[in-house]
Amino acid sequence: MAITEEMICITCPMGCTIQVTHEGDTLLHVDGNTCKRGQDYVQRELTDPRRMVATTVKVKEGLHPLVPVYTTAPFPKPRIFELLTEVRKLEIEAPVTKGQVILNNALGTGINIVASREMPHIQIANSK
Ligand code: SF4
């Protein structure tokens, strides 16, 4: 049975509202997208929705107790909760460097979790 619904394209800051008619993951009609990327976005949303994920990881003996981290590529949306559960269990040793791989091949997806900033060791940071 065909369904018509609205989706907001998050590919660029325009944020077009797109009317989408689909039957399961088969796209039948799109309207409201300003460019072709909107149609591509809708197709991906129907077949393999993904999002960039940003969160924090505990740091042992860091200047701050948490370091911000992010996925190196958009992550499969249905598995984000599972990913956050895994990341919450991690505790890494300071110092942390910007771009350091915190979790390699997260949940077997081939996507890494990396630090988005450095986090010095508390003693080294306080001795400067
Ligand atoms: S449809 Fe095109 S212009 Fe509109 S939000 Fe998506 S990428 Fe941007």
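Quick one: length gained pulling Lys60 to Thr85 fully straight, 0.36 nm per residue minus the C-alpha distance? Show your work: numbers first, answer last.
Details: separation 25, 0.36 × 25 = 9.00 nm, distance 1.87 nm.
The span from Lys60 to Thr85 would gain 7.1 nm if fully extended.
With both partners inside the chain, how many of the DSSP beta bridges are antiparallel, as a percent to the nearest 5?
On the way: 25 of 28 bridges.
Around 90 percent antiparallel, to the nearest 5.
Between Cys9, Thr85, Thr34, whose Cα lies farthest towards the positive end of the dipole of the chain when Lys and Arg beta carbons carry +1 and Asp and Glu beta carbons carry -1, centred on the Cα centre?
Positive-most Cα among the choices belongs to Thr85.
Relative to the first principal axis of the alpha-carbon coordinates of the chain, what is the inclination of helix 36-47, with its axis defined by its Cα atoms, in degrees from 0 to 90 and to the nearest 10?
Roughly 80 degrees, rounded to the nearest 10.
List Cys35, Cys16 from most exposed to least, where exposure is judged by having the fewest other Cβ atoms within 10 Å. Intermediate results must be reported in sequence, preceding the final value.
Details: Cys35 13, Cys16 17.
Ordered from fewest to most neighbouring Cβ atoms within 10 Å, Cys35, Cys16 come out as Cys35, Cys16.
For each of Ser116, Ser127, count neighbouring Cβ atoms within 10 Å of the residue's Cβ, then give the residues from fewest to most.
Ranking Ser116, Ser127 by Cβ neighbours within 10 Å, fewest first, gives Ser127, Ser116.
For the chain, place one equal point scatterer on every Cα, skip the solvent, and apply the Debye formula. What is log10 of I(q)/I(0) at q = 0.13, 0.14 Å⁻¹?
Once normalised to I(0) and log-transformed, intensities are -0.66, -0.72.
Quick check for me: using +1 on Lys/Arg Cβ and -1 on Asp/Glu Cβ, what's the dipole size of the chain about its Cα centre, in debye to the nearest 20?
Numbers: 14 positive and 14 negative charges, 124 e Å.
Using Cβ point charges on Lys, Arg, Asp and Glu, the chain gives about 600 debye.
Taking Cα atoms of the range 3-47, Rg/Rh with Kirkwood Rh, to two decimals? Intermediate results must be reported in sequence, preceding the final value.
Numbers: Rg = 9.4 Å, Rh = 10.2 Å.
Looking at the range 3-47, the ratio lands at 0.92.
Run the helix sum for the chain: -39,500 (n - 2.57) per DSSP H stretch of 4+ residues, divided by residue count, reported at 222 nm to the nearest 500 deg cm²/dmol. Working shown, then result.
Working: 3 runs with 26 residues, N = 128.
Value at 222 nm, helices only, nearest 500: -5500 deg cm²/dmol.
Rule-based calculations on the coordinates, nothing more; no lab input. Everything numeric in this text was worked out from a predicted model, so none of it was measured. All Cβ positions, even for glycine, are placed from backbone atoms using ideal geometry, and neighbour counts span all protein chains on display.
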